[in-house]
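Scroll down for the structure; my scribbles are underneath it.
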Amino acid sequence: MLRTFPKGGVHPPENKISADKPIEILPLPKQVAIPVSQHIGAPAKIIVNRKDKVKVGQIIASSGGFVSANIHSSVSGTIAKIDKVFDTSGYRKDVVIIDVEGDEWDDNILKSNDLIKQISYSKEEILKKITEAGIVGLGGATFPTHVKLAVPGGKKADILIINGVECEPYLTSDHRLMMEKSSELMVGTQLLMKALGVDKAIIGIENNKPDAIEKLTTLSKGFQGIEIQALKVKYPQGGEKQLIKAIINREVPSGALPIDVGAVVHNVGTAFAVYEAVQKNKPLFERVVTVTGKFVKSPKNLLVRIGTPTMQLIDAAGGLPENTGKVISGGPMMGKALNSLDAPVAKGTSGILLLSKDEAFRAETKACIRCAKCVNVCPMGLEPFLLMTVGERKIWDRMENERVMDCIECGSCSFVCPSNRPLLDYIRLGKNKVGQIIRQRKSN
Amino acid sequence: MSEIVLYTILTVTAVGVTAATILYFAAQKFKVFEDPRIDQVEEALPSANCGGCGYPGCRNFADACVKADNLDSLFCPVGGNETMAKVAKILGKEVAQQAPKVAVVKCNGQPKFRARINVYDGPISCTIEHMMGAGDTACQYGCLGGGECVEACKFDAIHMNPNTMLPEVIDELCTACGACVVACPRDIIELRTKNKKDRKIFVSCVSQDKGATTTKVCQVGCIGCSKCLKVCEYDAITIGNNLAFIDSDKCRLCRKCVDVCPTNSILEIGFPPRKLKKEDSGADINQSNA
């Protein structure tokens, strides 16, 4: 019997079209636009000026607070301007635009692909290197990794969970990373274990990636303390709380963090980035992005420099299909439609999904028939239909009492609703408003 | 038989009298003194319960008026000076006259001026659309057309114009309670001092983008070029964040700024039509309200 989380969940069509496509390196773009706010928390402060020359891996914006991350140049060249362009948030945000000239890397970065297995750094050194490299959670939430590794006083982590679930349909970037960079991933996991001071790590992988499970299981015998756990395919298993419940059967209470039950969860992408940052001195300036969709000519997994315009990725995968309805950054469940094809790839961009006109648009909203499907599938045990009704009527205190802040925005409720009701939209609205009210209350 | 009737009457009367006595003393003991002036003030208020004064309803406002030492920070925008004078008379306090205000929608991004580059197919709610991104046009500051201001108005003073897809304020009905200002997630609506004959001059744009970006996304956006600033003789105009702002308290309605504005983002409303130029400007949009 394969493990999974017990409450709720859905199984959308997997559509992992690009699963067996090896990672290709996307040619350097002519110009990149690097957003300074690619993470949760304060935007980074720009420390370069127009006409400055930069090298690959050079810091161009420094962390704007504790919950923030450094931003590095992903190319070498000249700073063309500092402007505002549409990014994945749907708004024009500050970006540093760099004209690409050659490909000159910072001298400290080790360019060779040789595996460095020996960990010769102390806990503090590892943490410092991760902070400097500007690593954020690459699963999509982009929470700065060094903050997650700094365990608050009085709490203790006893297990590290590496998230190789990739439960979003279509996306295969983590899958490919696990297949092609397996040893690096293992070393990265050990680095994270050392930084956290734990001696056990479990990599959770869903059962639709048998090749990755097999490869990593064989490999894990050579790495002390790392185990592989195969999981039943169920969305949203990649959610931190669901994954903890599935793998070690601990339940994170409402309003608490995984560290409260002694667990810390990191994505496989993050573990690989940590390996590169610590062992190769390479900051986070490129990532694997899946470009996919049913009508895309050649779906691909691309290694992309941060700041590359989305259009370039689509061109590499055979161009924009004629019947494209929406271009989504991320997966179909939690991703967000882009409003400009010039939006740059950011640290949190795990995939670019092209949906056709038939797939993309929402069907007509009908009345709620009280079938309670949304209640059945909610992995957090909420009542989405009720939250939506209360949200439409703007009764924020009721919404708070109904634990709207527990919602992980997985979208399972909107996915199963037979009346196509915009459940998640109103829940997000409620989270936004209730969040404001809670912050106001705290500051008073 | 008659005995039963008699006993019943006696018992019920006894219970009644006892209960009445208890209730009388209870009422005396737990009596809450309430200033009778609160009722009087409440009577004088418009009973709109709109919350424009900052209190949850008219009764709470009346209570605040009675308890306050002076009426300086209290004002009922719906009733205006007339009501406040009545309130002041009841309470024997002084009240300063305040200039009446009116809500003004500061966006002129009609479809003909601002192209739709995207399709938004989510629920019709400005706040939700605002949370998702810039909306279906490329302007991330302008009106989304979801009509949350219309929903918020208790006086039926604001409506969506189906042609312009923008909200319009009916000046006679607007009480300047500020409900629409709060409802708008993009802070497009402003309360401005009312002028004679409902004449208005204002910058109908809130875009803080650089001029180059603004011209790309909307033909009538303010580009912050400062031409109006230079021509204004009354220091009514300030420029900040690539956006001009006309202070309605200082503006003397000379209309010089309207003439120099290169993007027609300054609107003049309620003026008699000019002889030659400006027929194609955005000034005709709200003309029907004048």
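A short reminder: the numbers here are calculations on the coordinates, not readings from a lab. Please read these numbers as outputs of a predicted model, since none were measured by experiment. All Cβ positions, even for glycine, are placed from backbone atoms using ideal geometry, and neighbour counts span all protein chains on display.
Structural remarks
- Considered as an equivalent ellipsoid built on the Cα gyration tensor, the range B:33-140 has semi-axes of 43, 16, 10 Å, the largest given first.
- The Kirkwood hydrodynamic radius of chain B, based on inverse pair distances between different Cα atoms, is 22.4 Å.
- Rg over Rh, two decimals, the range B:36-91 (C-alpha only, Kirkwood Rh): 0.89
- Relative frequency of Cα-Cα separations exceeding 15 Å in the range A:337-384, percent: 68 percent
- Principal axis extents of the C-alpha atoms in the range A:345-414 (largest first, rounded to whole Å): 38, 31, 24.
- Share antiparallel - DSSP beta bridges, chain A, percent rounded to 5: 60 percent
- Number of partner chain Cβ atoms within 10 Å, mean per residue of B:12-19: 0
- For chain A, Kirkwood radius (reciprocal of mean inverse C-alpha pair distance, Å): 22.5 Å
- Centroid-to-centroid, using Cα positions, the range A:177-208 and the range A:60-108 are 29 Å apart.
- 5 angstrom amide H check on A:Gly9, placed H, neighbours 5+ away: A:Cys378
- Kirkwood-Stokes translational diffusion coefficient of the range A:124-280, alpha-carbon pairs, 10 °C, 1.306 mPa s, µm²/s: 103 µm²/s
- Semi-axes of the equivalent ellipsoid for the range A:21-131, computed as √(5λ) from the eigenvalues of its C-alpha gyration tensor and ordered from largest down, come to 25, 20, 15 Å.
- Relative contact order (%) - the range B:101-285, alpha-carbon pairs under 8 angstrom, separation at least six: 22 percent
- Distance between the pseudo-spin-label points of A:Val233 and A:Glu125 (7 Å out from Cα toward the beta carbon): 4.4 nm.
- Close amide H partners of A:Thr290, meaning residues 5 or more places away or on another chain with modelled amide H under 5 Å apart, are A:Thr172, A:Ser173, A:Leu302, A:Gly351, A:Ile352.
- Part-to-part distance (alpha-carbon centres) for the range A:305-372 and the range B:121-168, which is given in Å: 24 Å
- Computed over the range A:300-444, the P(r) tail beyond 20 angstrom holds 57 percent of alpha carbon pairs.
- The mean sequence distance of close C-alpha pairs (under 8 Å, at least 6 residues apart), as a share of the length of chain A, puts its relative contact order at 19 percent.
- Reference-scaled alpha-carbon Rg (2.2 N^0.38 Å with N residues) for the range A:236-372: 1.30
- Span-rule helices in chain A, defined as complete DSSP H runs reaching 20 Å or more along the axis (Cα) with Kyte mean at least 0.0: A:182-196
- Counts of other chain beta carbons within 10 angstrom of each beta carbon in peptide B:125-134 average 6.
- For the range A:373-443, with +1 on Lys and Arg beta carbons and -1 on Asp and Glu, the positive-most of A:Gly381, A:Phe415, A:Gln436 along the dipole: A:Gln436
- Relative contact order, percent, the range B:36-91 [alpha-carbon distance under 8 Å, six or more residues apart]: 40 percent
- Residue exposure proxy: A:Lys51, A:Lys117, ordered by other Cβ atoms within 10 angstrom of their Cβ from fewest to most, comes out as A:Lys51, A:Lys117.
- The 3J(HN,Hα) values that the Karplus relation (6.51, -1.76, 1.60; θ = phi - 60°) gives for the range B:167-175 are, in residue order, x, 10, 9, 8, 4, 5, 8, 5, 9 Hz. Gly and Pro appear as x.
- On a per residue basis, the convex hull of the C-alpha atoms belonging to the range A:373-443 measures out at 70 Å³.
- In sequence order, calculated HN-Hα J values of the range B:20-34 (Karplus, 6.51, -1.76, 1.60; Hz; x Gly/Pro): 4, 4, 4, 4, 4, 5, 4, 4, 5, 5, 9, 4, 9, 7, 10
- Check: the range A:373-443 dipole with +1 on Lys, Arg Cβ and -1 on Asp, Glu Cβ, in debye: 260 debye
- Each part reduced to its alpha carbon centroid, the range B:174-193 and the range B:19-87 end up 26 Å apart.
- The H on the amide N of B:Asn161, modeled in the peptide plane, is under 5 Å from the matching H of B:Leu166, B:Glu168, each at least 5 residues off or on a different chain.
- In chain A, the calculated helix contribution to ellipticity at 222 nm averages -8000 deg cm²/dmol per residue, counting -39,500 (n - 2.57) for every DSSP H run with n ≥ 4.
- Of all beta bridges that DSSP places with both ends in the range A:70-211, some 65 percent have antiparallel geometry.
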